[in-house]
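First up is the structure itself, then whatever we jot down about it.
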Amino acid sequence: IVGGPAAWQWLYELELAEKWGVDTIVDGEGEKVVVELVDNALRGEELPRYVYVGVDNVPSVEEIPLIKGASVNGLVEIMRGCPRGCKFCSVTLRPLRFIPLDKILAEVDVNIRANVKGIILHSEDVLLYYADGVKPKPEPVLKLHEEVIKRVGEKRTLAWAHVSLASVKYAEENYKLISKLAQEIVLNEHRKIIGVEVGIETGSPRLARDIMVGKSKPYPVETWPQVVEDALRIMHENMIVPAATVILGIPGETSDDVVKTIELVERLKPYRSIIVPMFFVPMGALKRNKWFLRDHLKPEHIEALRVMFNHTIYWAEDIMKLYMSSPVYLPVRFLLKYFMSYVKWRVRQLESQLERIIKK
Ligand code: SF4
């Protein structure tokens with residue numbers, strides 16, 4: 001019986017499921033459905049091939065049990081679901097639930113007892129912990145960080161799984177919340193940065209309106225590129241290092257949309273970040289659309305890949321230094337630097353091949 005956040009991928013690899021003896025694929029939150037499944041398996045009854053966990057079957061906060069051992073990378077859930085409603089996302093189809101602080105702290109303790117090196121607060125948007133819709137509220141977020149950091153101590157790392165860029169802008173401009181969290185609570189001489197994943201997805205307000213109208217809220221979707229720029233500047237000033245995703249090949253995307261994305265990425269150059277291109281995968285409300293394939297590549301996509309690659313290489317060394325500031329990491333830093341030079345060289349070589357593929 002397999003599950004987890006990427007369980008949907010099995011549906012595209014049914015022969016592998018067969019090969020590795022997978023009986024059932026559970027797509028969604030498993031806490032409730034797994035009980036009956038395991039019961040049936042133990043009784044030797046036939047199992048369903050695929051279980052999609054719909055809204056009626058997701059666990060309530062009370063039904064989510066405490067973890068018993070340390071989690072991967074010290075990941076501790078602080079909420080589930082997301083209110084922003086992006087069409088390409090499956091998380092947003094689940095109800096929004098906040099995990100109470102005492103439960104979060106108990107899971108932090110489980111991890112600390114197992115000697116993890118750091119804690120990652122997991123949510124689709126950490127700043128929306130007990131928020132007012134899509135507007136972050138400072139008190140619960142500050143309290144959460146104050147209590148978690150007491151347990152994390154001076155030397156362990158603290159990171160966020162995800163924040164949304166609109167929340168970063170709103171929280172800072174209305175409450176100075178980002179600077180308070182970073183400067184007054186989290187950062188110190190050992191913890192020099194906070195890492196986080198964010199979604200840019202597109203630089204085109206037209207496309208953003210089509211597929212992720214809630215992502216910029218409470219700001220109008222027409223201002224999405226400005227929201228992205230402002231949020232990256234705020235994070236840069238507060239030593240928060242985002243790994244940002246951009247999706248290429250979204251259904252309905254035009255060449256002009258990709259050009260707008262390229263222009264936005266170019267404007268983000270002053271801000272310390274990694275920008276990672278992803279190709280569209282049919283999920284969420286866009287589940288019935290087609291995958292983005294090599295044949296769909298346009299010259300603008302290649303240019304977008306090139307611009308994102310250059311941005312990431314530009315910042316990679318600086319980020320590496322911050323992550324690995326202790327002298328014990330010097331050999332690793334040296335190797336990574338060497339590796340990056342190699343990657344740069346290989347990409348230059350591949351550029352001409354890519355152009356040939358497009359011309360075909
Ligand atoms: S903001 Fe992120 S988690 Fe929320 S719906 Fe959009 S893509 Fe999904």
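Values as computed for the structure displayed
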| quantity | calculated |
| --- | --- |
| Among the residues listed as Pro225, Pro299, the single one being over 30 Å from Ala182 (Cα atoms), over 16 Å from the mean Cα position of the chain (by Cα) and not hydrophobic (A, V, I, L, M, F, W, C) | Pro299 |
| Residue in region 12-22 that is in contact (Cβ under 8 Å) with a residue 24 or more places away in the chain, among the hydrophobic types (A, V, I, L, M, F, W, C) and either out of contact with any strand residue (DSSP E or B) (no Cβ under 6 Å at 6 or more places or on another chain) or open to solvent by 40 Å² or more (accessible area, probe 1.4 Å) (or both) present | no |
| Considering residues of region 124-141 that are away from the ligand (no atom under 16 Å from the Cβ) and of a type outside the set (Lys, Arg) only, the residue least open to solvent (accessible area, probe 1.4 Å) | Val141 |
| Residues located in region 156-175, provided they are of a type outside the set (A, V, I, L, M), farther than 17 Å from Glu229 by Cα and part of a loop (DSSP other than H, G, I, E, B) | Arg156 |
| Per-region count, region 279-298, residues open to solvent by 80 Å² or more (accessible area, probe 1.4 Å) and modelled with pLDDT of 80 or more | 1 |
| Within region 203-285, helices (runs of 4 or more DSSP H) holding 3 or more residues that are outside the structural domain of Trp10 (by TED's automatic domain parsing) and within 16 Å of the ligand (Cβ to nearest atom) | 205-211, 224-237 |
| Residue selected from region 61-84 under the condition within 16 Å of the ligand (Cβ to nearest atom) and part of a loop (DSSP other than H, G, I, E, B), by the criterion most open to solvent (accessible area, probe 1.4 Å) | Pro83 |
| Given (1) surrounded by 17 or more Cβ atoms within 10 Å (Cβ to Cβ); (2) closer than 30 Å to Pro95 by Cβ; (3) not aromatic (Phe, Trp, Tyr), number of the condition Pro251 does not satisfy | (1) |
| Single condition Glu36 does not satisfy, out of (1) within 16 Å of the ligand (Cβ to nearest atom); (2) not aliphatic (A, V, I, L, M); (3) not in a loop (DSSP other than H, G, I, E, B) | (1) |
| Test: residue in region 12-25 that is assigned to a helix (DSSP H, G or I), more than 16 Å from the ligand (Cβ to nearest atom), touching a helix residue (DSSP H, G or I) at 6+ places or on another chain (Cβ under 7 Å) and among the aromatic types (Phe, Trp, Tyr) | no |
| Residue under evaluation Val58, criteria (1) more than 24 Å from Val196 (Cα to Cα); (2) surrounded by 20 or more Cβ atoms within 10 Å (Cβ to Cβ); (3) more than 16 Å from the ligand (Cβ to nearest atom), criterion not met | (3) |
| Answer residue from region 42-55, given it is more than 24 Å from Val91 (Cβ to Cβ) and in a loop (DSSP other than H, G, I, E, B) and is most open to solvent (accessible area, probe 1.4 Å) among those | Glu46 |
| Selection status of Ile194, over 21 Å from Lys87 (Cα atoms) and either within 21 Å of the chain's Cα centre (by Cα) or more than 14 Å from the ligand (Cβ to nearest atom) (or both) | yes |
| Which numbered condition His162 fails, given (1) at pLDDT 95 or above; (2) open to solvent by 10 Å² or more (accessible area, probe 1.4 Å); (3) out of contact with any Gly (no Cβ under 8 Å at 6 or more places or on another chain) | (3) |
| Among residues of region 85-123, those that are within 9 Å of the ligand (Cβ to nearest atom), in contact with a helix residue (DSSP H, G or I) (Cβ under 6 Å, 6 or more places away or on another chain) and either modelled with pLDDT of 95 or more or of a type in the set (Ser, Thr, Tyr) (or both), counted | 1 |
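Okay, residues lined up against (1) out of contact with any Phe, Trp or Tyr (no Cβ under 7 Å at 6 or more places or on another chain); (2) closer than 30 Å to Gly252 by Cα:
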| site | (1), (2) |
| --- | --- |
| Lys117 | yes, no |
| Leu121 | no, no |
| Leu142 | yes, no |
| Lys155 | yes, no |
| Tyr170 | yes, yes |
| Asn188 | yes, no |
| Arg206 | yes, yes |
| Gln226 | yes, yes |
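The values are calculated or read from the model by the stated rules, or taken from the named source; none is laboratory data. Only a predicted model underlies this, so the values are computations on that prediction, with no experimental measurement involved. Positions of Cβ are generated from backbone atoms using ideal geometry, with glycine treated the same way; all protein chains shown enter the neighbour counts. Side chains are part of the model used for accessible areas, which takes the heavy atoms of the whole protein and leaves out ligands, DNA and RNA. Shrake-Rupley method; radii C 1.70, N 1.55, O 1.52, S 1.80 Å.
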